[in-house]
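Undergrad: Before anything else, here's the structure in question.
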């Protein structure tokens, strides 16, 4: 046995994963090799030091996300052809062919050739797919003639950055697919809006969510198109589900113009009043509901909150609103 192979087996043996026959062969080699004896002692010492350190348990959410990404990655791997599987078997069995160098060399050569052919074909297919997905095309709604046409929203994995040009309606949105891409366009550009809505609800970075919700809210407040099945839905989702209170506050600001006319917006504000854990968000929800305090649902919730809520501030604000409405049951 050569020392290089012995060093690999020493690590495996240290963790009890070496088969018995290979373990006996390793022990015989170590008996007559001082270099490998020293290597074994170092590995054992490293194992003892590592075992003395506390082992941090991974977060459950991290494990769940990792499993989802692993499943997605496995599904994206193209089926392996027969010569690719043959090449893998040859590589796996190469260590066992140490006693037959000529045969090992021959099989290795065939395996490398087959693997190279298979890898080249897979790379060609993979490159073609991405080329189709990222063909640059002019964007009529953009002031930047070098911008690209984004693919389907289902293929966008996330938004990495949002930057508004000072004093203009132009926004740069950097979105992630296989590789990061960037598109530039006006805030009223449908593609820009789609990316902003995606960033508002499906981005893990708080800063990006805050930027996107802030821009969407500003568009709604100045009277730009905020249809219910679009920006308004994205803002309500951010209000009810975003973990950052600042993002939820910005969502409230964007929903303010629609409290009187959209019952879904009112219901979202009532739910935020009842369930949100941030006093500022709850207080702002009450203030925005003031113009429609005569609505039956709004009165019932305010009446319940004014009598049973744990927060004195919330109870007082609710009572002030109710005092302006006659004949509260």
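The values are calculated or read from the model by the stated rules, or taken from the named source; none is laboratory data. Owing to the predicted nature of the structure, the values given are computational and were not obtained by experimental measurement. All Cβ positions, even for glycine, are placed from backbone atoms using ideal geometry, and neighbour counts span all protein chains on display.
Undergrad: The conditions are (1) under 29 Å from residue 13 (Cα atoms); (2) outside the structural domain of residue 9 (by TED's automatic domain parsing); (3) at pLDDT 65 or above; (4) in a helix (DSSP H, G or I), and residue 38 fails exactly one of them. Which is it?
TA: Single failed check for residue 38: (2).
Undergrad: Does residue 217 count as in contact with a helix residue (DSSP H, G or I) (Cβ under 6 Å, 6 or more places away or on another chain), within 18 Å of residue 175 (Cα to Cα) and either touching a residue at least 12 places away in the same chain (Cβ under 8 Å) or loosely packed, with under 15 Cβ neighbours inside 10 Å (or both)?
TA: So residue 217 fails the test.
Undergrad: Which residues, counting only those in the stretch 13-22, are under 20 Å from residue 45 (Cβ atoms) and touching a helix residue (DSSP H, G or I) at 6+ places or on another chain (Cβ under 8 Å)?
TA: Hits for the stretch 13-22 are 13, 14, 15, 18.
Undergrad: Here's another thing I want to ask about it. Hey, residue 277 hits all of (1) farther than 22 Å from residue 200 by Cα; (2) assigned to a loop (DSSP other than H, G, I, E, B) but one; which does it fall short on?
TA: Only one criterion in (1) farther than 22 Å from residue 200 by Cα; (2) assigned to a loop (DSSP other than H, G, I, E, B) is unmet by residue 277, namely (1).
Residue-wise test of (1) closer than 25 Å to residue 221 by Cα; (2) assigned to a helix (DSSP H, G or I).
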site	(1), (2)
290	yes, yes
303	no, yes
307	no, yes
310	no, no
